[in-house]
Amino acid sequence: MRQCLIYDTPEADAKLIGLEYIISENLFLTLPDEEKPLWHSHLYEVKSGVLFMPRVPGPIERQDLEKVCKTYGKTIHFWQIDKGDNLPLGLPQLMMTLTRDGQLDDELARGKYTEPISLAPDLRLNTNN
């Protein structure tokens with residue numbers, strides 16, 4: 001299992017906004033049926049380019065992302081930075097990700113919105129395998 005800390009930017013002063021647990025497909029298949037909907041596949045995230053590793057050399061990134069394609073994640077966000085709060089307010093939220101074409105607003109995908117979003121946060125991997 002990997003445990004990934006999710007930040008709002010790759011900068012040194014970034015806000016820690018969430019946590020994702022990542023498990024293998026084999027482990028996912030052993031989960032109880034009522035638990036499985038709380039997890040998401042990483043296949044589309046990786047293949048579409050939404051998930052990436054800033055500042056990681058290309059060959060290393062590709063090798064690691066190829067492994068990530070075959071995993072599932074459960075993501076909890078405790079700071080919805082798009083609301084503009086200076087602190088992580090409210091209840092933590094289970095977050096899902098893009099899993100197929102057509103789920104992302106076209107204007108958002110083209111970067112026409114000016115408000116901060118956290119679609120592809122920096123994943124600073126803390127690998128506890």
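Cβ under 11 Å from MET1's Cβ, MET1 left aside: what net charge do those residues give with Lys, Arg +1 and Asp, Glu -1? Walk me through the intermediate numbers first.
Values: positive: ARG2, LYS74; negative: GLU20.
Summing Lys and Arg as +1 and Asp and Glu as -1 gives +1.
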Completion exercise
Expressed in nanometres to one decimal, the distance between label points 7 Å along Cα→Cβ at GLN63 and ARG100 is 3.5 nm
Practice task
May I ask which residue of PRO92, CYS69, TRP79 lies farthest towards the positive end of the charge dipole of the range 2-111, with charges of +1 (Lys, Arg) and -1 (Asp, Glu) on Cβ and the Cα centre as origin?
Solution key: CYS69
Exercise for the section: Would you kindly state how much longer the chain becomes between ASP82 and THR9 on full extension, computed as 0.36 nm times their sequence separation minus their alpha carbon distance, in nm to one decimal? Expected result: 25.0 nm
Fill in the blank from the handout: accessible surface per residue for the range 18-88, probe 1.4 Å, DNA/RNA/ligands not counted, whole Å² -> 59 Å²
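The values are calculated or read from the model by the stated rules, or taken from the named source; none is laboratory data. Keep in mind the model is a prediction, meaning the values are calculated, not measured. Glycine gets a Cβ as well: all are built from the backbone with ideal geometry, and neighbour counts include every protein chain shown. These area figures cover heavy atoms from the full protein model, side chains too; ligands, DNA and RNA do not enter into them. Shrake-Rupley method; radii C 1.70, N 1.55, O 1.52, S 1.80 Å.
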